[in-house]
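The values are calculated or read from the model by the stated rules, or taken from the named source; none is laboratory data. Keep in mind it's a predicted model, so treat the numbers as computed, not measured. Here the Cβ positions follow ideal geometry from the backbone for every residue, glycine too, while neighbour counts run over all protein chains shown.
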Amino acid sequence: MKLLVTGGAGFIGSNFIHYWLKNHPDDRIINLDVLSYAGNLENLRDLDNNYAYRFVRGDITDIDLVDSLVAEVDAIVHFAAESHVDRSILNSADFVRTNVEGTRVLLDAAQKHGGVRFHHISTDEVFGTLPLDGGRFNENTPYNPRSPYSASKAASDHLVRAYFYTHALPITISNCSNNYGPYQYPEKLIPLFITNLIDGKKLPVYGRGSNVRDWIHVDDHNRGIDLILQKGKIGETYCLGGNSERSNLEITKKLLSIFGQGEEMINYVADRPGHDLRYAVDFSKAKRDLGWEPLIVFERGLAETVDWYRQHEDWWRPIINAKTKN
(Lines give C-alpha, C1' and ligand atoms only; values in the text may rest on other atoms or scores of the structure.)
Protein backbone atom coordinates (compact mmCIF):
# COMPACT_ATOMS: atom_id res chain seq x y z
CA MET A 1 0.00 0.00 0.00
CA LYS A 2 1.13 3.55 -0.68
CA LEU A 3 0.15 6.23 1.85
CA LEU A 4 0.07 10.00 1.71
CA VAL A 5 0.79 11.28 5.22
CA THR A 6 0.06 14.98 5.69
CA GLY A 7 1.96 16.82 8.38
CA GLY A 8 4.43 13.98 8.63
CA ALA A 9 7.28 16.21 9.81
CA GLY A 10 5.35 17.13 12.95
CA PHE A 11 5.28 15.37 16.29
CA ILE A 12 2.61 12.71 15.85
CA GLY A 13 3.03 12.42 12.08
CA SER A 14 6.77 11.73 12.21
CA ASN A 15 6.27 9.13 14.93
CA PHE A 16 3.56 7.56 12.76
CA ILE A 17 5.89 7.35 9.76
CA HIS A 18 8.55 5.61 11.86
CA TYR A 19 5.91 3.27 13.28
CA TRP A 20 4.37 2.45 9.91
CA LEU A 21 7.59 1.70 8.07
CA LYS A 22 8.77 -0.48 10.94
CA ASN A 23 5.53 -2.48 11.04
CA HIS A 24 4.66 -2.40 7.32
CA PRO A 25 8.05 -2.66 5.59
CA ASP A 26 6.53 -3.41 2.18
CA ASP A 27 4.52 -0.18 2.10
CA ARG A 28 5.51 3.24 0.78
CA ILE A 29 4.94 6.68 2.29
CA ILE A 30 4.81 10.16 0.77
CA ASN A 31 5.13 12.81 3.46
CA LEU A 32 3.55 16.16 2.55
CA ASP A 33 4.47 18.91 4.99
CA VAL A 34 4.75 22.68 4.61
CA LEU A 35 7.40 22.79 7.38
CA SER A 36 5.75 25.40 9.54
CA TYR A 37 7.35 26.19 12.90
CA ALA A 38 6.33 22.76 14.27
CA GLY A 39 7.50 20.75 11.26
CA ASN A 40 11.05 19.45 11.56
CA LEU A 41 12.81 17.21 9.06
CA GLU A 42 15.31 16.24 11.76
CA ASN A 43 12.49 14.04 13.10
CA LEU A 44 12.94 11.86 10.00
CA ARG A 45 16.63 12.26 9.21
CA ASP A 46 17.23 8.53 9.54
CA LEU A 47 14.88 7.94 6.58
CA ASP A 48 16.77 10.14 4.12
CA ASN A 49 18.01 7.15 2.14
CA ASN A 50 15.01 4.89 2.67
CA TYR A 51 13.51 3.96 -0.70
CA ALA A 52 10.10 3.48 0.97
CA TYR A 53 9.91 7.12 2.06
CA ARG A 54 9.61 10.34 0.09
CA PHE A 55 9.28 13.89 1.39
CA VAL A 56 7.43 16.62 -0.49
CA ARG A 57 7.45 20.15 0.88
CA GLY A 58 4.11 21.78 0.23
CA ASP A 59 0.87 23.14 1.57
CA ILE A 60 -2.29 21.05 1.86
CA THR A 61 -4.23 24.02 0.47
CA ASP A 62 -2.24 23.79 -2.80
CA ILE A 63 -4.90 22.18 -5.00
CA ASP A 64 -2.63 21.16 -7.89
CA LEU A 65 0.07 19.69 -5.68
CA VAL A 66 -2.40 17.76 -3.53
CA ASP A 67 -4.16 16.46 -6.63
CA SER A 68 -0.91 15.16 -8.12
CA LEU A 69 0.07 13.35 -4.92
CA VAL A 70 -3.32 11.85 -4.16
CA ALA A 71 -3.31 10.38 -7.68
CA GLU A 72 -0.34 8.22 -6.59
CA VAL A 73 -1.66 6.74 -3.34
CA ASP A 74 -4.09 4.20 -1.92
CA ALA A 75 -4.79 6.00 1.37
CA ILE A 76 -4.44 9.37 3.06
CA VAL A 77 -3.59 9.73 6.74
CA HIS A 78 -4.33 13.35 7.56
CA PHE A 79 -2.34 14.74 10.51
CA ALA A 80 -1.57 18.22 9.15
CA ALA A 81 -3.12 20.88 11.38
CA GLU A 82 -2.43 24.01 13.29
CA SER A 83 -2.81 22.71 16.82
CA HIS A 84 -1.61 25.09 19.53
CA VAL A 85 -4.53 26.59 21.44
CA ASP A 86 -2.63 29.66 22.64
CA ARG A 87 -1.65 30.54 19.08
CA SER A 88 -5.27 30.14 17.93
CA ILE A 89 -6.38 32.62 20.58
CA LEU A 90 -3.93 35.21 19.26
CA ASN A 91 -4.70 34.61 15.57
CA SER A 92 -7.27 32.14 14.28
CA ALA A 93 -6.82 32.77 10.54
CA ASP A 94 -4.13 30.12 9.96
CA PHE A 95 -6.21 27.58 11.87
CA VAL A 96 -9.24 28.03 9.64
CA ARG A 97 -7.12 28.02 6.50
CA THR A 98 -5.14 24.88 7.29
CA ASN A 99 -7.57 22.86 9.35
CA VAL A 100 -10.74 23.55 7.36
CA GLU A 101 -9.73 24.60 3.85
CA GLY A 102 -6.76 22.22 3.76
CA THR A 103 -8.99 19.32 4.73
CA ARG A 104 -11.47 20.28 2.00
CA VAL A 105 -8.73 20.27 -0.64
CA LEU A 106 -7.62 16.79 0.44
CA LEU A 107 -11.19 15.47 0.47
CA ASP A 108 -11.87 16.81 -3.00
CA ALA A 109 -8.73 15.13 -4.33
CA ALA A 110 -9.63 11.84 -2.64
CA GLN A 111 -13.09 11.96 -4.20
CA LYS A 112 -11.73 12.92 -7.64
CA HIS A 113 -9.35 9.96 -7.74
CA GLY A 114 -11.93 7.27 -7.25
CA GLY A 115 -12.56 7.45 -3.53
CA VAL A 116 -9.14 7.19 -1.90
CA ARG A 117 -9.28 5.83 1.65
CA PHE A 118 -9.15 8.81 4.02
CA HIS A 119 -8.32 8.73 7.72
CA HIS A 120 -8.70 12.00 9.59
CA ILE A 121 -6.85 12.67 12.86
CA SER A 122 -8.88 14.81 15.24
CA THR A 123 -8.87 15.68 18.93
CA ASP A 124 -10.98 15.29 22.04
CA GLU A 125 -11.03 19.09 22.31
CA VAL A 126 -13.88 19.26 19.79
CA PHE A 127 -16.17 17.95 22.55
CA GLY A 128 -15.58 20.89 24.87
CA THR A 129 -14.98 20.40 28.56
CA LEU A 130 -15.98 18.05 31.36
CA PRO A 131 -16.56 18.61 35.08
CA LEU A 132 -13.90 17.36 37.46
CA ASP A 133 -16.28 14.91 39.10
CA GLY A 134 -17.13 12.57 36.24
CA GLY A 135 -18.01 11.69 32.67
CA ARG A 136 -15.94 10.87 29.59
CA PHE A 137 -16.10 11.82 25.94
CA ASN A 138 -17.19 9.13 23.50
CA GLU A 139 -18.12 8.89 19.83
CA ASN A 140 -21.65 10.15 20.53
CA THR A 141 -20.68 13.19 22.62
CA PRO A 142 -22.11 16.39 21.11
CA TYR A 143 -19.54 18.82 19.76
CA ASN A 144 -18.92 21.91 21.87
CA PRO A 145 -15.57 23.45 20.87
CA ARG A 146 -14.41 26.33 23.05
CA SER A 147 -11.28 27.68 21.33
CA PRO A 148 -10.59 28.75 17.75
CA TYR A 149 -8.33 25.69 17.43
CA SER A 150 -10.95 23.18 18.55
CA ALA A 151 -13.64 24.96 16.50
CA SER A 152 -11.52 24.58 13.36
CA LYS A 153 -10.95 20.89 14.09
CA ALA A 154 -14.67 20.39 14.73
CA ALA A 155 -15.42 22.00 11.37
CA SER A 156 -12.97 19.68 9.63
CA ASP A 157 -14.53 16.63 11.33
CA HIS A 158 -17.97 17.64 10.08
CA LEU A 159 -16.59 18.18 6.59
CA VAL A 160 -15.02 14.72 6.52
CA ARG A 161 -18.31 13.12 7.59
CA ALA A 162 -20.19 15.14 5.00
CA TYR A 163 -18.03 13.66 2.24
CA PHE A 164 -18.88 10.20 3.51
CA TYR A 165 -22.63 10.86 3.44
CA THR A 166 -22.68 12.99 0.28
CA HIS A 167 -20.03 11.30 -1.85
CA ALA A 168 -19.63 7.87 -0.18
CA LEU A 169 -15.96 8.69 0.39
CA PRO A 170 -14.37 5.89 2.47
CA ILE A 171 -13.44 7.83 5.60
CA THR A 172 -12.72 7.17 9.23
CA ILE A 173 -12.02 9.63 12.05
CA SER A 174 -10.14 9.28 15.31
CA ASN A 175 -10.44 11.66 18.23
CA CYS A 176 -7.48 11.30 20.56
CA SER A 177 -6.55 12.66 23.95
CA ASN A 178 -3.36 14.61 24.73
CA ASN A 179 -0.30 13.00 23.17
CA TYR A 180 3.22 12.95 24.61
CA GLY A 181 6.50 11.35 23.62
CA PRO A 182 9.60 11.97 21.45
CA TYR A 183 9.86 14.80 18.91
CA GLN A 184 7.11 16.94 20.48
CA TYR A 185 7.64 20.64 19.80
CA PRO A 186 8.79 22.28 23.06
CA GLU A 187 5.95 24.70 23.50
CA LYS A 188 3.58 21.94 24.64
CA LEU A 189 3.33 21.30 28.38
CA ILE A 190 5.45 18.17 28.87
CA PRO A 191 8.41 19.00 26.57
CA LEU A 192 8.33 22.66 27.67
CA PHE A 193 8.60 21.66 31.32
CA ILE A 194 11.27 19.02 30.63
CA THR A 195 13.47 21.41 28.67
CA ASN A 196 12.92 24.18 31.23
CA LEU A 197 14.08 21.87 34.01
CA ILE A 198 17.13 20.78 32.03
CA ASP A 199 17.99 24.49 31.74
CA GLY A 200 17.16 25.25 35.39
CA LYS A 201 14.16 27.42 34.51
CA LYS A 202 10.87 27.63 36.37
CA LEU A 203 7.70 25.94 35.14
CA PRO A 204 4.81 28.25 34.11
CA VAL A 205 1.60 26.65 35.40
CA TYR A 206 -1.73 28.13 34.31
CA GLY A 207 -4.02 29.17 37.18
CA ARG A 208 -3.57 26.69 40.02
CA GLY A 209 -2.78 23.75 37.76
CA SER A 210 -6.19 22.14 38.34
CA ASN A 211 -7.00 21.47 34.67
CA VAL A 212 -7.07 17.74 33.92
CA ARG A 213 -6.01 15.99 30.72
CA ASP A 214 -6.07 12.35 29.60
CA TRP A 215 -2.57 11.52 28.36
CA ILE A 216 -1.80 8.99 25.61
CA HIS A 217 1.68 8.02 24.48
CA VAL A 218 2.20 8.76 20.79
CA ASP A 219 3.10 5.11 20.11
CA ASP A 220 -0.21 3.92 21.57
CA HIS A 221 -2.02 6.51 19.45
CA ASN A 222 -0.32 5.43 16.24
CA ARG A 223 -1.00 1.77 16.95
CA GLY A 224 -4.67 2.75 17.20
CA ILE A 225 -4.54 4.50 13.83
CA ASP A 226 -2.99 1.38 12.33
CA LEU A 227 -5.85 -0.77 13.61
CA ILE A 228 -8.45 1.71 12.34
CA LEU A 229 -6.90 1.59 8.87
CA GLN A 230 -6.89 -2.21 8.94
CA LYS A 231 -10.13 -3.01 10.76
CA GLY A 232 -12.13 0.20 11.20
CA LYS A 233 -15.60 0.43 9.72
CA ILE A 234 -15.93 2.99 6.95
CA GLY A 235 -17.80 6.10 8.07
CA GLU A 236 -17.11 5.47 11.74
CA THR A 237 -15.34 7.48 14.44
CA TYR A 238 -13.08 5.96 17.09
CA CYS A 239 -12.02 7.65 20.31
CA LEU A 240 -8.47 6.84 21.44
CA GLY A 241 -7.68 7.69 25.05
CA GLY A 242 -4.75 6.99 27.32
CA ASN A 243 -6.62 6.04 30.49
CA SER A 244 -4.21 8.42 32.25
CA GLU A 245 -6.00 11.45 33.65
CA ARG A 246 -3.64 13.82 35.41
CA SER A 247 -3.97 17.44 36.45
CA ASN A 248 -1.40 19.89 35.16
CA LEU A 249 -0.14 20.27 38.71
CA GLU A 250 0.28 16.50 39.04
CA ILE A 251 2.33 16.46 35.82
CA THR A 252 4.40 19.33 37.13
CA LYS A 253 5.13 17.60 40.44
CA LYS A 254 6.00 14.29 38.73
CA LEU A 255 8.53 16.07 36.54
CA LEU A 256 9.97 17.97 39.50
CA SER A 257 10.38 14.66 41.31
CA ILE A 258 12.17 13.07 38.34
CA PHE A 259 14.58 16.02 38.25
CA GLY A 260 15.01 16.13 42.04
CA GLN A 261 13.59 19.65 42.22
CA GLY A 262 11.15 21.25 44.65
CA GLU A 263 7.92 23.21 44.22
CA GLU A 264 9.83 26.49 44.35
CA MET A 265 10.38 25.84 40.62
CA ILE A 266 6.66 26.38 39.94
CA ASN A 267 5.62 29.78 38.59
CA TYR A 268 1.84 30.15 38.65
CA VAL A 269 0.70 32.40 35.77
CA ALA A 270 -2.60 33.91 34.66
CA ASP A 271 -4.94 31.30 33.26
CA ARG A 272 -5.58 30.90 29.54
CA PRO A 273 -8.88 32.43 28.27
CA GLY A 274 -11.56 29.75 27.93
CA HIS A 275 -9.28 27.09 29.42
CA ASP A 276 -11.18 23.77 29.34
CA LEU A 277 -11.31 22.21 32.78
CA ARG A 278 -11.06 18.51 32.03
CA TYR A 279 -10.78 16.04 29.14
CA ALA A 280 -11.27 12.30 29.45
CA VAL A 281 -11.83 9.75 26.69
CA ASP A 282 -13.88 6.55 26.72
CA PHE A 283 -12.08 4.17 24.33
CA SER A 284 -14.42 1.21 24.86
CA LYS A 285 -15.57 1.22 21.21
CA ALA A 286 -11.98 0.94 19.96
CA LYS A 287 -11.33 -1.83 22.47
CA ARG A 288 -14.47 -3.72 21.48
CA ASP A 289 -14.29 -3.30 17.71
CA LEU A 290 -10.53 -3.10 17.10
CA GLY A 291 -8.97 -4.86 20.06
CA TRP A 292 -7.10 -1.66 20.92
CA GLU A 293 -6.26 -0.22 24.32
CA PRO A 294 -3.32 1.86 25.58
CA LEU A 295 -0.39 -0.26 26.71
CA ILE A 296 2.15 2.30 27.93
CA VAL A 297 1.66 3.19 31.61
CA PHE A 298 1.92 6.96 31.99
CA GLU A 299 4.65 7.03 34.65
CA ARG A 300 6.85 4.76 32.52
CA GLY A 301 6.14 6.74 29.36
CA LEU A 302 6.85 10.05 31.10
CA ALA A 303 10.19 8.81 32.47
CA GLU A 304 11.16 7.52 29.01
CA THR A 305 10.17 10.85 27.46
CA VAL A 306 12.34 12.72 29.96
CA ASP A 307 15.25 10.42 29.05
CA TRP A 308 14.66 11.06 25.34
CA TYR A 309 14.85 14.85 25.77
CA ARG A 310 17.94 14.52 27.96
CA GLN A 311 19.62 12.40 25.27
CA HIS A 312 18.49 14.53 22.31
CA GLU A 313 19.46 18.05 23.27
CA ASP A 314 20.87 18.37 19.76
CA TRP A 315 17.26 18.07 18.53
CA TRP A 316 15.48 20.55 20.79
CA ARG A 317 18.20 23.09 21.59
CA PRO A 318 18.20 24.65 18.08
CA ILE A 319 14.40 24.99 18.26
CA ILE A 320 14.54 26.86 21.55
CA ASN A 321 17.43 29.04 20.39
CA ALA A 322 15.52 29.96 17.23
CA LYS A 323 12.43 30.86 19.27
CA THR A 324 14.57 33.04 21.57
CA LYS A 325 16.05 34.94 18.60
CA ASN A 326 12.58 35.58 17.18
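Below, the figures for the structure above:
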quantity: Residue within the stretch 38-48 that is within 24 Å of Val160 (Cβ to Cβ) and surrounded by 14 or more Cβ atoms within 10 Å (Cβ to Cβ) present; calculated: yes
quantity: Set Thr129, Thr195: member being touching a Pro at 6+ places or on another chain (Cβ under 8 Å), in contact (Cβ under 8 Å) with a residue 60 or more places away in the chain and farther than 17 Å from Ala80 by Cβ; calculated: Thr195
quantity: The listed residue being among the basic types (Lys, Arg), buried (at least 20 other Cβ atoms within 10 Å of the Cβ) and either assigned to a helix (DSSP H, G or I) or touching a residue at least 40 places away in the same chain (Cβ under 8 Å) (or both), out of Arg213, Arg208; calculated: Arg213
quantity: Residue that is nearest to Ile171 (Cα to Cα), among those in the stretch 268-295 that are surrounded by fewer than 18 Cβ atoms within 10 Å (Cβ to Cβ) and of a type in the set (A, V, I, L, M); calculated: Leu295
quantity: Qualifying positions in the stretch 24-69 - more than 30 Å from Glu313 (Cβ to Cβ) and touching a strand residue (DSSP E or B) at 6+ places or on another chain (Cβ under 6 Å); calculated: Arg28, Ile30, Gly58, Ile60, Leu69
quantity: Qualifying residue in the stretch 79-94 (condition: surrounded by fewer than 24 Cβ atoms within 10 Å (Cβ to Cβ) and either among the basic types (Lys, Arg) or more than 27 Å from Asp124 (Cα to Cα) (or both)); calculated: yes
quantity: Residues of the stretch 1-43 that turn out to be acidic (Asp, Glu) and either modelled with pLDDT under 95 or in contact with a Gly (Cβ under 9 Å, 6 or more places away or on another chain) (or both), as a count; calculated: 1
quantity: Subset of the stretch 177-208 [among the polar types (S, T, N, Q) and touching a helix residue (DSSP H, G or I) at 6+ places or on another chain (Cβ under 7 Å)]; calculated: Ser177, Asn179, Gln184, Thr195
quantity: Any hit, the stretch 257-267, residues being crowded, with 20+ Cβ neighbours inside 10 Å, touching a residue at least 12 places away in the same chain (Cβ under 8 Å) and under 27 Å from Asn196 (Cα atoms); calculated: no
quantity: Number of positions in the stretch 238-288 that are closer than 14 Å to Asp214 by Cβ and either within 19 Å of the chain's Cα centre (by Cα) or among the aliphatic types (A, V, I, L, M) (or both); calculated: 19
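Rundown of residues vs (1) under 17 Å from the mean Cα position of the chain (by Cα); (2) of a type in the set (A, V, I, L, M, F, W, C), yes/no style:
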| position | (1), (2) |
| --- | --- |
| Thr98 | yes, no |
| Lys112 | no, no |
| Phe118 | yes, yes |
| Leu132 | no, yes |
| Arg136 | no, no |
| Thr166 | no, no |
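Okay, residues lined up against (1) out of contact with any Leu (no Cβ under 8 Å at 6 or more places or on another chain); (2) surrounded by 23 or more Cβ atoms within 10 Å (Cβ to Cβ); (3) part of a helix (DSSP H, G or I); (4) modelled with pLDDT of 95 or more:
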| site | (1), (2), (3), (4) |
| --- | --- |
| Tyr149 | yes, yes, yes, no |
| Ser156 | yes, yes, yes, yes |
| Tyr165 | yes, no, yes, yes |
| Leu169 | no, no, no, yes |
| Ile173 | yes, yes, no, yes |
| Ile194 | no, yes, yes, yes |
| Leu197 | no, no, yes, yes |
| Gly200 | yes, no, no, yes |
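Okay, residues lined up against (1) buried (at least 19 other Cβ atoms within 10 Å of the Cβ); (2) of a type outside the set (A, V, I, L, M, F, W, C); (3) farther than 21 Å from Val269 by Cα:
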residue	(1), (2), (3)
Gly135	no, yes, yes
Val160	yes, no, yes
Ser177	yes, yes, yes
Pro191	yes, yes, no
